[in-house]
Amino acid sequence: MSIRKTVFVKEHYYHVFNRGVDKRVIFQTKEDLYYFFKRLIDLNINNINNNLKLKRSRMSGEVSFEKDEAKLVSIISYCLLPNHFHLVLKQESENGISKFMQKLGTSYTVYFNNKYKRSGSLFQGKFKASMIDGEFGLSILSIYVNLNYVHHRINPKENLVKSSIFEYFGDELGESICDQKEIESIIDEIGTLDEYKEFSRATSKIFGENKGIIIKDKDLDKAFEY
């Protein structure tokens with residue numbers, strides 16, 4: 001039995017990620033992607049078994065939770081790609097990240113296995129996590145996660161991709177799940193929104209160089225309009 005080395009501390013930030021077992025695709029349809037995304041909202045609740053403030057949509061019958069309940073984590077940024085995902089989380093309650101990820105992984109695996117008539121593990125072992133530290137560490141990681149699909153050269157118009165990039169650049173058409181105060185703090189650390197955008201551009205090119213690929217300005221421009 002493996003023992004997790006990362007110790008999760010309240011009010012600290014972590015990069016959390018996992019991929020499909022054998023690198024298999026975990027989001028095969030838009031419905032799959034949206035189901036996982038909605039679970040990021042619905043399962044982010046402490047003491048779920050004691051919660052009485054459930055509400056059910058009259059149209060879809062889907063159950064969700066009132067937003068004023070205590071959270072397990074704050075979501076800072078995310079990127080969902082065909083065969084893996086990245087999250088930046090801030091732990092808000094004791095063992096919040098572990099509880100949140102256990103519920104998220106179990107819920108999505110049950111959904112996926114039932115839908116596609118399969119059994120067994122969907123994800124490649126336990127989720128991976130590392131604490132964020134260092135100057136501009138959170139700002140740099142937000143860029144790595146928000147633009148991860150660009151770094152992998154994945155076209156969001158041709159593949160199933162969902163990123164929090166729009167929450168950083170003010171697209172009000174998207175469904176917001178990230179902590180807006182945390183986003184404002186990240187941007188303020190760099191300067192203005194335009195300065196954060198240029199910092200994102202320069203940092204992404206460095207990520208690309210480290211992978212031996214060229215990140216083009218036109219791809220980043222499209223991402224900023226995502």
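What follows is calculated from the coordinates using simple rules that are stated; it is not laboratory data. These figures come from a predicted structure and were not determined experimentally. Here the Cβ is made from the backbone with ideal geometry for all residues, glycine too, and neighbour counts use every protein chain on show.
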Legend entry - Filter result (β-branched (Val, Ile, Thr) and assigned to a helix (DSSP H, G or I)) within segment 106-151: THR106, THR109, VAL110, ILE140, ILE143, VAL145, VAL150
Legend entry - Residue satisfying all of: in segment 108-136; among the polar types (S, T, N, Q) and over 16 Å from the mean Cα position of the chain (by Cα); surrounded by the fewest Cβ atoms within 10 Å (Cβ to Cβ) among these: SER119
Inset, instruction - Quickly run through segment 77-98 and pick out the residues that are over 15 Å from the mean Cα position of the chain (by Cα) and surrounded by 21 or more Cβ atoms within 10 Å (Cβ to Cβ). - result: GLY96
Legend entry - Single match in ASN210, ASN159 (criterion: under 21 Å from the mean Cα position of the chain (by Cα) and either assigned to a loop (DSSP other than H, G, I, E, B) or under 23 Å from HIS84 (Cβ atoms) (or both)): ASN159
Legend entry - Residue pairs meeting the criteria (Cβ under 7 Å; at least 6 apart or on separate chains; first under 19 Å from GLY134 (Cα atoms), in segment 174-186; second of a type in the set (A, V, I, L, M)): GLU182/ILE76; ILE186/LEU138
